[in-house]
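Before any comments, here is the structure.
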């Protein structure tokens with residue numbers, strides 16, 4: 001049989017363990033509440049970003065296609081400018097602008 005003092009020590013030890021477990025449960029409940037609120041915030045952020053992506057995709061499909069054929073511009077240049085040298089200069093400038101626009105479009109496409 002266990003003596004009274006030994007029983008008292010075991011009882012105190014048991015109370016301390018119960019107290020520690022109660023504290024741990026309270027901490028874990030707080031952590032769960034924090035994680036649930038963080039999860040809700042992140043889900044809301046995800047929905048917002050998905051909506052933005054849908055809007056950007058819709059904008060991209062609604063915009064007219066980029067003019068990439070410089071031959072069409074060359075025809076315009078040749079029909080409107082009589083001087084061959086001036087015509088070539090304008091055609092080269094237009095080709096350069098088109099390449100710059102294509103680079104800008106490609107860069108902007110990577111951002112979304």
| query | Considering 8, 19, 14, which residue is surrounded by 10 or more Cβ atoms within 10 Å (Cβ to Cβ), modelled with pLDDT under 95, part of a helix (DSSP H, G or I) and not assigned by TED's automatic domain parsing to the domain that holds residue 110? | reply | 8
| task | Report yes if residue 76 is at pLDDT below 90, surrounded by 10 or more Cβ atoms within 10 Å (Cβ to Cβ) and not in a helix (DSSP H, G or I), otherwise no. | result | no
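The values are calculated or read from the model by the stated rules, or taken from the named source; none is laboratory data. No experiment lies behind these values; they were computed from the predicted model shown. For neighbour counting, all protein chains shown are included, and Cβ atoms are generated from backbone atoms with ideal geometry for every residue, glycine included.
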